[in-house]
Amino acid sequence: MDKKELASFLEEIATLLELQGENPFKCNAYRAAAQTIETLDRNLEGFQTVEDFARLKGIGKSLAEKILVILQTGTLPLYQELKQRIPSGLVEMLRIAGMGPKRVRTVYEKLGIISLGELEYACRENRLLELPGFGVKIQENTLKGIEYLKKAQGRFHLHKALAAAHRLQEDLAKLPQVDRIETAGSIRRFKETVKDIDLLITTAKPATVMNAFTSHPLVESIIAHGETKSSVRLTMGINVDLRVVTKKEFPFALLYFTGSREHNIVLRGRAQKQGYKLNEYGLFKRQSTKSLDLKSEEEIYKALGLSYIPPELREDQGEIQAAEQGSLPQLVTLKDLRGSFHIHTTSSDGAATIKEFAAYAQKQGLEYLGISDHSRSAFYANGLSTEKILKQHREIDALNKSLKGFHIFKGIESDILPDGSLDYPEDILALFDFVIISVHSKFKMTKEEMTKRIIKAMENPHTTMLGHPTGRLLLAREAYEVDMEAIIQAAAQHGIIIELNANPFRLDLDWRYIKKALDKGVLISINPDAHSLKDMKFAELGVGLARKGWCEPRHVLNSHSASDVKKIFGKIHTS
DNA sequence: GCCGTTTTCGGCCCGACTGTTTTCAGTCG
């Protein structure tokens, strides 16, 4: 059992305990332990004894003993009992908005309901009305929530949420009553998928602004409409919270509602230790009701003895310690990008020619491009035959002669065949400046087989870069089973670059692994995986996710100059 | 169940909103 599996096991116990009506702080202890385990910066192999685990934050003797049992036996008597006692449908019911552990418990105990289907039926039969603390509204909302769950998974791709947030922000900013508006929450932190949109506003006329918000054309229905907080659902299905705060409160509210929750908890704990209370309204000296007068997030961090932490890093992944020591990274920005790799042209399944991509890239101020069409096994994508490769190379040679101050690298996205070999013989692979290797078939191998397959391909002397390393399609397809730690280790060993595929449905390598890759000295390439000119814009998302993974310009292949890139490629292929 | 410079008991981040009540429980972020 690895970290992730152990963490979700503990997480599940926490949920089951809640459903059983346990002391909430006890439940929380299991949650906190899960968080600690999941974000551990090393694997579990070094942990042999109770003491090893009990040294960790939020894990005491009791939990350490249980964790050891879980690792040794794959399960826990407590878990078995909980599973036996608590129907699995109750866990599903928690996903309904407005249904927490208490209400789920009530419908289970009083009505014997153990599944979403039964709950829906009970709502339609008006049976929730009889329950203590339930009424017409809760019954209606439960029904709506069930329908919503059926329709969407309740999470949204970052780029779609970003677009909606920008539109709302722009429109509301036009109101003369609005002094300041910002998007907070997980969008500001650049999470790859988000649950909702959080907007913050300062205004002297909250009622007017709230009315404008709830009647915006994107709004489908109003969930809550208050003085300081309103919530709506947009036609695209996402919920939006709007909060009104005073000008003085704004930086504190922005910090608070940007999160993450884990980051906030640590900040609050830190404030407490320094004799302060920190909340969304201010930073207060203990016993005082008047907040320190701080004008920006920068000043709040400074007051707590920290340098400014960019929103993307606020995930309690060591950023607070780094801010304390002044060792936060100087994060990469869009302006740092000087070129772009992983581009598909009309030769395979792209919608633009090399010439068109080159012209577009030059206009965007880029200095180079790396073309990489699909390889011959990718029949579905019109993969390139040897003849087509040679023709493409002649075209690139001619373009490179005619283009001034711009360079096109010859590349290919070679399928990693099931046995770990690449898609062309040695002499063909040797013709490319760079070779991206990607898995496009046989996703259902075992973890061991898949890891072996990819590492074998990485060991090929012609391999330059690993493409979309986990194969995930966000909200659609799980990542294939693969030991990412081992892949990163192999990349470090063979000098292989790992792609951060910036396509909004991929955003793969996952940011949680990017930092680990950097720590091992692996270079990251922010690649649009462009199939059309407009896809080149994905680089913006890619930069956001790279920042989330602690990338500085020096960590990013395509922030280097064309001549440096040539040197880097040369070094990879001769080592 | 964890934790400790207010330490071995008694807290645990904390405030807004809804819907149910008639002062508050539950949920959410």
Legend entry - the range A:3-152: proportion of alpha-carbon pairs further apart than 19 angstrom, %: 57 percent
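Quick one: dipole size for chain A, taken about the Cα centre, charges +1 on Lys/Arg Cβ and -1 on Asp/Glu Cβ, in debye to the nearest 20.
Working: 80 positive and 74 negative charges, 311 e Å.
With Lys and Arg at +1 and Asp and Glu at -1, about 1500 debye.
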Inset, instruction - Specify, per residue and in Å³, the volume enclosed by the convex hull of the alpha carbon atoms belonging to the range A:156-244. - result: 74 Å³
Legend entry - Computed E for A:LEU218/A:SER532 - FRET, C-beta separation, R0 22 angstrom, nearest 0.05: 0.25
Legend entry - Sparse-neighbourhood loop sites, GluC sites (Glu not before Pro) in the range A:102-168 - DSSP loop, at most 14 other Cβ within 10 angstrom: A:GLU125
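Per DSSP H run of at least 4 residues, take -39500 (n - 2.57); add these up for chain A, divide by its residues and hand me the 222 nm value, nearest 500 deg cm²/dmol. Each step should come with its number before you reach the end.
On the way: 24 runs with 254 residues, N = 575.
Computed ellipticity for chain A at 222 nm equals -13000 deg cm²/dmol.
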Inset, instruction - Please give the net charge around A:LEU6, taking every other residue with its beta carbon less than 13 angstrom from that of A:LEU6, where Lys and Arg add +1 and Asp and Glu add -1. - result: -3
Legend entry - Rg in Å to one decimal, and Dmax rounded to a whole Å, for the range A:334-574 via C-alpha atoms: 16.2, 49
Legend entry - Separation of alpha-carbon centers, the range A:75-145 and the range A:488-526, rounded to whole Å: 42 Å
Inset, instruction - Work out the charge dipole of the range A:1-155 with +1 on the Cβ of Lys and Arg and -1 on the Cβ of Asp and Glu about the Cα centre, then indicate which of A:GLN48, A:PRO132, A:THR36 is farthest towards its positive end. - result: A:PRO132
Inset, instruction - Please give the helix A:562-574 orientation as an angle from the longest Cα principal axis of chain A, in degrees from 0 to 90, rounded to the nearest 10. - result: 80 degrees
Inset, instruction - Work out how much length A:GLN489 to A:LEU94 would gain on full extension: take 0.36 nm times their residue separation and subtract the Cα-Cα distance, in nm to one decimal. - result: 138.3 nm
Inset, instruction - Compute the distribution of all C-alpha to C-alpha distances in chain A, in bins of 10 Å from 0, and list the percent of pairs in each, rounded to whole numbers. - result: 3, 14, 22, 25, 20, 11, 3, 0, 0
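How much length would be gained if the chain were fully extended between A:LYS447 and A:ASP52, taking 0.36 nm per residue of separation minus their Cα-Cα distance, in nm to one decimal? If you can, show how the numbers build up before the last one.
Details: separation 395, 0.36 × 395 = 142.20 nm, distance 2.75 nm.
Stretched out fully, the A:LYS447 to A:ASP52 stretch lengthens by 139.5 nm.
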Legend entry - DSSP beta bridges in chain A [antiparallel fraction, %, rounded to 5]: 40 percent
Legend entry - Two-site FRET efficiency, A:SER402 against A:LYS160, from Cβ-Cβ distance with R₀ of 35 Å, rounded to 0.05: 0.35
Legend entry - Residues in the range A:500-519 reached by a label modelled at A:GLU38 [backbone nitrogen below 18 Å; 7 Å Cα→Cβ]: A:510-516
Legend entry - Separation between Cα centres of the range A:235-293 and the range A:527-575, rounded to whole Å: 36 Å
Inset, instruction - Would you mind checking A:LYS3/A:LYS520; A:LYS195/A:LYS247; A:LYS452/A:LYS520; A:LYS410/A:LYS516 for any pair whose Cα atoms are more than 22 angstrom apart? - result: A:LYS195/A:LYS247; A:LYS410/A:LYS516
Inset, instruction - Net charge near A:GLY226: determine it from the other residues with C-beta under 11 Å of the C-beta of A:GLY226, scoring Lys and Arg +1 and Asp and Glu -1. - result: 0
Legend entry - Span from the the range A:329-370 Cα centroid across to the the range A:1-48 one, whole angstrom: 43 Å
Inset, instruction - Take the cross-link list A:LYS404/A:LYS537; A:LYS442/A:LYS515; A:LYS4/A:LYS277; A:LYS444/A:LYS566; A:LYS57/A:LYS248; A:LYS57/A:LYS160 and give me the ones stretching past 25 Å between alpha-carbons. - result: A:LYS442/A:LYS515; A:LYS4/A:LYS277; A:LYS444/A:LYS566; A:LYS57/A:LYS248; A:LYS57/A:LYS160
Inset, instruction - Note down the magnitude of the dipole of the range A:119-238 about its Cα centre, charges +1 on Lys and Arg C-beta and -1 on Asp and Glu C-beta and zero elsewhere, to the nearest 20 debye. - result: 260 debye
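Using r as the Cβ-Cβ distance of A:ALA351 and A:GLN272, and R0 as 56 Å, what FRET efficiency do you calculate, to the nearest 0.05? Please list the in-between numbers first.
On the way: r = 56 Å, r/R0 = 0.99.
So the FRET efficiency works out to roughly 0.50.
Any read-out appearing in this document is the output of simple, stated calculations on the displayed coordinates, not a laboratory observation. Because the structure is predicted, anything quoted here is derived from the model rather than measured. Every residue, glycine among them, receives a Cβ derived from its backbone with ideal geometry; neighbour counts consider all protein chains shown.
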